[in-house]
């Protein structure tokens, strides 16, 4: 304890090494000291467990999710990712369990509660015990699944032998599944005997690691336990390594660590999905893909197909809106660019009007005719109406027309 006190807020890895060395020295002392020679192996193990419980409880409040580590940040990211993966089903993880079965669900709920309870405990031994309880419940759920599967298989074979028209269980292929339903049913009947014998005869052996780990991953997804990564790191650093390297607790702890690592690095390839399908499911938060052989009822298939079509339409609409917004932005930019270029041209190349070459129709007021030669002015940008004519030009102009009164002529008198 004296060695831990100075480094409690500086180096968590060094504190872990000090604790592990303490466990090792204490274990050697109990094993080699004649004072403890009369104790049974179980009693010696109990002494070591009690010491571990005391140490981990004493250091918990400063060693768990220490600020010197990034455990808490990883937990926040992991929880957010698990929350976004709520659409993942056991089937996508290649787990055989059926969450719709009440018997299996009871064991799965126990596993979920045990995993969530890990974060409420202080001692590493208590945390490990809850992990063991969780994993045992997972195995119980798998055994229950195979028992139910064996019973359903036997019932299905019995119904087929008796030509019964009873509804087909969800675990068996439907007669309307495909055009070769008869061939499929014959294959099922030929293989079901071996399946039934294996399940009934080896109920305890069927729940192996190939089924256990995917199911445990789904339990972590379904429960989203708080600070699960920090709890695993706390156990890894300060629990007795002899406990973690052997026995049931060590095996279950390793599998749970693998499950968390899998979820942290999960991608579309982890679920055997295309990147497009995975992205669509992540955006919609729904499982909008059907995998071959997945047991679904007709209503579920219809609902999923409609959901896929709706998602495709929404994606197409979003793409169209994106293209329209991009086109509008391009038009706006072109309009601004065009006006900017025109302004630059007018600034760099000013318009110089040559009055000598202008026709009267080019004047500002084309109804006013200017007779005689045009005057030359240095003010080229001025209008012709603003030009002052000199005396030489005025002499060339004709006399102005004098107005005369209009006299009406009587045509009758004129003819006489």
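Hey, among 70, 75, which residue is modelled with pLDDT of 95 or more and more than 30 Å from residue 98 (Cβ to Cβ)?
Only one candidate qualifies: 75.
Can you find a residue that is outside any helix (DSSP H, G or I), modelled with pLDDT of 80 or more and not assigned by TED's automatic domain parsing to the domain that holds residue 209 anywhere in the range 283-290?
no
When the residues of the range 114-124 are narrowed to those that are assigned to a helix (DSSP H, G or I) and without any contact (Cβ under 8 Å) to a residue 60 or more places away in the chain, which ends up farthest from the chain's Cα centre (by Cα)?
My answer is 120.
Tell me which residues, restricted to the range 43-97, are touching a helix residue (DSSP H, G or I) at 6+ places or on another chain (Cβ under 7 Å) and without any contact (Cβ under 8 Å) to a residue 60 or more places away in the chain.
44, 47, 51, 66, 68, listed by residue number.
With the condition kept exactly as written, say whether any residue in the range 26-33 is free of Cβ contacts under 8 Å to residues at least 40 places away in the same chain and either assigned by TED's automatic domain parsing to the domain that holds residue 215 or under 30 Å from residue 149 (Cβ atoms) (or both).
The answer is no, given that none of the residues of the range 26-33 is free of Cβ contacts under 8 Å to residues at least 40 places away in the same chain and either assigned by TED's automatic domain parsing to the domain that holds residue 215 or under 30 Å from residue 149 (Cβ atoms) (or both).
The values are calculated or read from the model by the stated rules, or taken from the named source; none is laboratory data. Computed from a predicted model, the values in this text were never measured in an experiment. Glycine also receives a Cβ, built like all others from the backbone with ideal geometry; neighbour counts cover every protein chain displayed.
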